[in-house]
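A short worksheet on the structure shown next.
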Amino acid sequence: QVQLVESGGGMVQPGGSLTLSCAASGSMFGFHDVGWYRQVPGKERELVAEITNTWREKYAESVKGRFTAFRDDAQKTIDLQMKNLKPEDTADYYCWARLRDKEFWGQGTRVTVTL
């Protein structure tokens, strides 16, 4: 079981950049698939980026070429580098990890993209 704590959210102008960080604690981190989801109030939570335990990466079409996820198994961190942010990227972002059929979530961090 892992515990996840996000940081790095905030407000940024369109076209700007932001990096979210997630610190994990617990055991067997390297065996987990990890990534980031986001949720807008009133809508379903959606996958933003995933890195599997075999280092395969998957991104939502809407963020490809703008967002990059990184995992560091030694440091137990999951970062999300976001560039060229758009107003539609505004959401609560959640760090996520999965080991077999068990999922773990952070508490969320808000990103607001506005003038």
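A few comments on the model shown:
- Matching strands (runs of 3 or more DSSP E) fully within segment 48-113 where at least 3 residues are free of Cβ contacts under 8 Å to residues at least 24 places away in the same chain and at negative phi: 57-59, 67-72
- Of all residues in segment 21-33 being in a loop (DSSP other than H, G, I, E, B) and not hydrophobic (A, V, I, L, M, F, W, C), the one that is surrounded by the fewest Cβ atoms within 10 Å (Cβ to Cβ): 27
- Candidates are the residues of segment 1-20 that are assigned to a strand (DSSP E or B) and over 19 Å from residue 98 (Cβ atoms); the one that is most open to solvent (accessible area, probe 1.4 Å) is 11.
- Against the list (1) within 30 Å of residue 115 (Cβ to Cβ); (2) basic (Lys, Arg); (3) assigned to a strand (DSSP E or B), the condition residue 43 fails is (3).
- Residues of segment 34-85 satisfying the condition of being crowded, with 19+ Cβ neighbours inside 10 Å, closer than 19 Å to residue 110 by Cα and among the basic types (Lys, Arg): 38
The values are calculated or read from the model by the stated rules, or taken from the named source; none is laboratory data. Keep in mind it's a predicted model, so treat the numbers as computed, not measured. Virtual Cβ from ideal backbone geometry, glycine too; neighbours counted across all protein chains shown. All accessible areas refer to the heavy atoms of the entire protein, side chains included, with ligands and DNA or RNA removed. Shrake-Rupley method; radii C 1.70, N 1.55, O 1.52, S 1.80 Å.
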